[in-house]
Amino acid sequence: MPLEAVMIVVDNSESSRNGDYTPSRYDAQSDAVNIIFQNVVQGNPESSVGLMSMGGKGPEVLATLTTDQGKILEGLHQTKKKIRGSAHLSTGIQIASLALKHRQNKSQRARTIVFVCSPIEESERELVVLAKKMKKFSISVDFVLFGDMDEENQAKLEAFNREIKGTTDSSHLVIIPPSSKLLSDQLISTPIMLGEGAAAAAGGAGGEAGAASEDFPFGVDPSADPELALALRMSMEEEKARQEKRARDEAEAAQKASLETVKEEGESAPLLDKDGQPGGSKKDDDKMDTS
């Protein structure tokens with residue numbers, strides 16, 4: 001997995017109270033946020049995840065970029081008490097971009113994942129302008145659209161996605177309709193979780209969660225068994241990290257051993273002879289006696 005700084009934006013608007021996703025839209029998001037956090041941090045221990053909300057009176061940063069899942073859980077718990085109002089999508093994305101801009105590790109790839117389950121108040125034109133700005137700042141933006149999936153919402157996010165993607169595949173739009181499966185289970189088999197090129201979001205404009213790519217390297221269909229697919233990928237990443245650590249340890253041990261065998265000039269001569277006297281050749285001692 002790449003080295004990333006990821007800001008997750010949850011939708012805590014009034015629409016998130018709806019129970020069409022088990023157990024509710026907000027709780028479904030919370031489960032998905034935890035899965036994303038584990039996927040990012042376990043994929044690369046130097047990656048970090050932040051959390052913010054975009055409903056109520058306005059967007060709020062709940063946890064700055066961190067590797068501590070406890071801070072993410074605390075932010076989700078606090079926000080559950082603040083479900084109200086409408087979503088402020090544009091402002092939320094811009095605040096997330098500011099948090100990413102000030103990340104300590106500039107080598108991390110900046111990425112925002114936005115959950116949307118309520119009507120989008122911004123116009124399509126406003127979102128296209130915002131997409132151009134995010135593209136200029138080299139910030140990837142992924143959308144998870146669920147709940148309010150009317151044509152207008154979908155069209156707005158598709159326009160944003162087209163503008164920010166350009167010729168790359170670093171930003172995704174995933175549409176997840178209500179079903180008997182959990183939101184987090186359906187999200188596992190999407191490119192947001194599996195990475196670029198690992199799975200194809202097939203079926204429907206804008207990239208609904210669909211069948212896996214034939215190029216998936218583990219011989220299983222992620223859409224048929226998403227948990228197994230994610231477990232296999234994470235296992236591969238962990239094994240790769242272990243092998244790299246072992247190689248580094250062996251290289252360091254070899255370097256240390258080679259340094260220990262190098263003797264400084266004159267080190268071969270002992271400082272004291274067997275009688276405890278200063279070392280030196282007997283010939284030198286004889287010369288001193290006869291002089």
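The values are calculated or read from the model by the stated rules, or taken from the named source; none is laboratory data. The structure presented is a predicted model; accordingly, all values stated were derived computationally and were not measured. For neighbour counting, all protein chains shown are included, and Cβ atoms are generated from backbone atoms with ideal geometry for every residue, glycine included. What goes into the accessible areas is simple: the full protein's heavy atoms, side chains included, and nothing from ligands, DNA or RNA. Shrake-Rupley method; radii C 1.70, N 1.55, O 1.52, S 1.80 Å.
Worth a mention:
- Evaluation of Asp169 against (1) at pLDDT 90 or above; (2) farther than 20 Å from Thr66 by Cβ; (3) in contact with an Asp or Glu (Cβ under 8 Å, 6 or more places away or on another chain); (4) loosely packed, with under 15 Cβ neighbours inside 10 Å (one fails), failing number: (1)
- Boolean, Glu124 is without any contact (Cβ under 8 Å) to a residue 12 or more places away in the chain, open to solvent by 10 Å² or more (accessible area, probe 1.4 Å) and more than 22 Å from Gly50 (Cα to Cα): no
- Yes/no for Gly92 being in contact with a Ser or Thr (Cβ under 9 Å, 6 or more places away or on another chain), of a type outside the set (Val, Ile, Thr) and open to solvent by 40 Å² or more (accessible area, probe 1.4 Å): no
- Selection count where residues are at pLDDT 95 or above and of a type in the set (D, E, K, R), scope segment 136-151: 1
- Glu151 falls short on exactly one of the conditions (1) open to solvent by 10 Å² or more (accessible area, probe 1.4 Å); (2) touching a Leu at 6+ places or on another chain (Cβ under 9 Å); (3) of a type outside the set (Val, Ile, Thr), and that condition is (2).
- Phe218, sole failed condition from (1) buried (at least 16 other Cβ atoms within 10 Å of the Cβ); (2) at pLDDT below 70: (1)
- When Pro45 is tested against the conditions (1) within 18 Å of the chain's Cα centre (by Cα); (2) open to solvent by less than 70 Å² (accessible area, probe 1.4 Å); (3) in contact (Cβ under 8 Å) with a residue 60 or more places away in the chain, the lone failure is (2).
- Against the conditions (1) under 22 Å from Leu3 (Cα atoms); (2) assigned to a helix (DSSP H, G or I), Asn153 satisfies every one except (1).
- Checklist (1) of a type in the set (Asp, Glu); (2) modelled with pLDDT of 95 or more; (3) farther than 27 Å from Ile164 by Cα applied to Asp20, failing item: (2)
- Members of segment 172-183 that are among the aliphatic types (A, V, I, L, M) and either free of Cβ contacts under 8 Å to residues at least 24 places away in the same chain or open to solvent by 50 Å² or more (accessible area, probe 1.4 Å) (or both): Leu182
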